[in-house]
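Below you'll find the structure, written out as structure tokens, and then a few comments.
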Amino acid sequence: MFRYWKLLLPVLACSCGSTESRPKSVYGQLRAHKDSLMRFDAESPFRKGNIPFEGLAYFPEQASWKLRAIWRRPEFRPTLTLATSKGEPRPVLQEGVVEFEAEGKKLRLQAFSLEGDDARLFIPFKDLTTGGETYGAGRYLEALKEPGDSVWLDFNLCYQPYCAYNPEYSCPLVPAENNLLVAVRAGEKAKGGH
């Protein structure tokens, strides 16, 4: 489900330390690459479901949605279970919380890591666009782990899970603690039929 983001890690790593917004041309390249994977990759939810692919939809890039967050790591990393869209439990490691300010509010999200991926934080979330402008079950954000007590969160890179396109996929659901009371108009959004 998350394989295409591994291909993008070198691009993400190059820009994570910058305080400036990633150039639009880089976002455009990332989005074109993702569209290509969704159209042609054998693991694509469109290819696997024999669903016509007409491109993904995105909000315009927003510099204000690329921000530095405080990462409050837990003393221990317990294994938790997230519910999924198909009712199968998904084990994850609890990685603490990320705290940040956006839209004039102090916000926090639970962060996890998925089995076999110790390089990134996995942050499923809902916001005030969920169920309207974005997929009703929420979206995912990933952040590269860094030494220290902070990480870059770039909501311009948040995406809808594969189950938004093909119900045969089993996707982790957003825990109740990760409902944001702001509208995150950045990253991937819904389009007709999704």
Under-5 Å amide H pairs with Cys171, H placed in peptide plane, nonlocal only
Ser85, Lys86
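Which of Thr81, Thr130 comes first, and how do the rest follow, when ranked by fewest Cβ neighbours within 10 Å? Provide the component values of the computation, followed by the final result.
Values: Thr81 11, Thr130 20.
Ascending Cβ contact count within 10 Å gives the list Thr81, Thr130.
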May I ask you to evaluate 6.51 cos²θ - 1.76 cosθ + 1.60, the Karplus curve with θ = phi - 60°, for each residue of region 122-130 and list the ³J(HN,Hα) values in order in whole Hz, giving x for glycine and proline?
10, 10, x, 8, 10, 8, 6, 8, 4
Looking at the chain, what % of its DSSP beta bridges pair antiparallel, to the nearest 5?
95 percent
Taking region 56-189, how many lysine pairs are there with alpha carbons less than 16 Å apart, if each pair must be eight or more places apart or span two chains?
6
Test of understanding: ordering Val92, Val97 by Cβ neighbours within 10 Å, fewest first, what list do you get?
Val97, Val92
Along its principal axes, what span do the Cα atoms of region 56-189 show, with the longest given first and each in whole Å?
37, 37, 22
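Which of the GluC sites (Glu not before Pro) found in region 103-194 are in a DSSP loop and have at most 16 neighbouring Cβ atoms, other than their own, within 10 Å?
Working: sites: Glu103, Glu115, Glu133, Glu142, Glu168, Glu177, Glu188; in loops: Glu103, Glu115, Glu133, Glu168.
For GluC sites (Glu not before Pro) across region 103-194 that sit outside H, G, I, E and B with at most 16 neighbouring Cβ atoms in 10 Å, the list reads Glu103, Glu115, Glu133, Glu168.
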I need the shape label for region 40-89. Rule: rounded when a/c is under 1.5, else prolate if a/b > b/c, else oblate, with a, b, c from the alpha carbon gyration tensor.
oblate
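Of the GluC sites (Glu not before Pro) in region 25-100, which ones lie in a loop per DSSP and count no more than 10 other C-beta atoms within 10 Å? Each step should come with its number before you reach the end.
Working: sites: Glu43, Glu54, Glu61, Glu75, Glu95, Glu99; in loops: Glu43, Glu54, Glu61, Glu75.
Answer in residue order: Glu75.
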Region 47-67 and region 84-156: distance between their alpha carbon centers, rounded to Å
17 Å
For n ≥ 4 DSSP H runs only, could you compute -39500 (n - 2.57) per run for the chain, divide by its residues and tell me the 222 nm figure to the nearest 500?
-5500 deg cm²/dmol
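Rule-based calculations on the coordinates, nothing more; no lab input. Nothing here was measured: the structure is a model prediction, and the numbers come from that model. Here Cβ is always computed from backbone atoms with ideal geometry, including for glycine, and neighbour counts include all displayed protein chains.
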